[in-house]
1. Quick one: in the stretch 80-94, of everything that is buried (at least 22 other Cβ atoms within 10 Å of the Cβ) and aliphatic (A, V, I, L, M), which residue is nearest to the chain's Cα centre (by Cα)?
2. If I go through the stretch 175-187 residue by residue, how many of them are at pLDDT 85 or above and either small (G, A, S) or not in a helix (DSSP H, G or I) (or both)?
3. Pick from R42, R114: which is modelled with pLDDT under 70 and over 15 Å from the mean Cα position of the chain (by Cα)?
4. Does any residue in the stretch 126-139 that is more than 20 Å from P67 (Cβ to Cβ) and touching a residue at least 12 places away in the same chain (Cβ under 8 Å) come within less than 7 Å, Cβ to Cβ, of a residue that is among the hydroxyl-bearing types (S, T, Y) and in a loop (DSSP other than H, G, I, E, B) six or more places away or on a different chain, and which pairs are these?
5. When you scan the stretch 147-174, how many residues do you find that are in a helix (DSSP H, G or I), among the hydroxyl-bearing types (S, T, Y) and over 14 Å from T65 (Cα atoms)?
6. Can you tell me which residue in the stretch 147-174 is modelled with the highest pLDDT, limited to those that are touching a Ser or Thr at 6+ places or on another chain (Cβ under 7 Å) and among the small types (G, A, S)?
7. Across the stretch 85-110, what is the total count of residues that are part of a helix (DSSP H, G or I) and free of Cβ contacts under 8 Å to residues at least 60 places away in the same chain?
Amino acid sequence: MKKNHFKNIRNILIGVLTFAIPIALIVIFGHDLKNVEQLIPRTGIAGPLLSILLMGLLSATPIPTDPIVILNGAIFGPWVGVLVSWMGNNLASVLEYFIGRGLSQITDFEKIKRNLPFGLSRFSADSVWFLLLGRLVPQFGGKVVSLTGGFYRVPFLKYLWTAFVSNLFGSILLAVGGYSLLHTFIK
């Protein structure tokens, strides 16, 4: 009896974390992303930490963090912008992975997976190429890879190193791009 009670509480908690918090964040940040972008540079030395935490929070929503990565490069410069963006993307990746894993437990994905059409039950979510290159799809690639990795229970260490590598590459592209754009328009 206690095991079922614990499972019910766990499922409710995962449901709230997966659906209620993202909806609240979308309502709070979705309409006013410009104010958030102005808030980061105004916080001074706490700006990088705020950016990292904001990227982690937005990982639970469909709001992409790519604009924040570009902003990090423009605000903090190319090197610090890459570092801040990389840490924020890594935090987001870990949170998205565990959201996917939690949803997998709630839905009993192992049973559902056997009945997926088009051979999706044999989909190789733990392929290094999928884990590395899937994140490079702009806007939602990282979210799809992370949630899929959690759903298919990709070994966490394999997931983590591929996320770190591809997040570093994406952070370099976007943060240095944001820095370059800012300095191109200032000249």
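The values are calculated or read from the model by the stated rules, or taken from the named source; none is laboratory data. Note that this is a predicted model, so its numbers are computed, not measured. In this analysis, Cβ positions are derived from the backbone assuming ideal geometry, glycine residues included, and neighbour counts consider all displayed protein chains.
1. Only one residue fits best here, namely A92.
2. 1
3. Only one candidate qualifies: R114.
4. If the second residue must be among the hydroxyl-bearing types (S, T, Y) and in a loop (DSSP other than H, G, I, E, B), the pairs left are D126/Y152; F130/S124.
5. So the answer is 4.
6. A163
7. Restricting attention to the stretch 85-110, the residues satisfying the condition of being part of a helix (DSSP H, G or I) are 85-107, 109-110.
Filter once more, keeping what is free of Cβ contacts under 8 Å to residues at least 60 places away in the same chain: 87-88, 91-92, 95-96, 98, 100-101, 104, 107, 109-110.
Residues meeting the conditions: 13.
One line per residue, one yes/no per condition, for (1) more than 17 Å from the chain's Cα centre (by Cα); (2) polar (S, T, N, Q); (3) under 24 Å from L157 (Cβ atoms):
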{"residue": "L57", "(1), (2), (3)": "no, no, no"}
{"residue": "V69", "(1), (2), (3)": "no, no, no"}
{"residue": "P78", "(1), (2), (3)": "yes, no, no"}
{"residue": "E96", "(1), (2), (3)": "no, no, yes"}
{"residue": "G100", "(1), (2), (3)": "no, no, yes"}
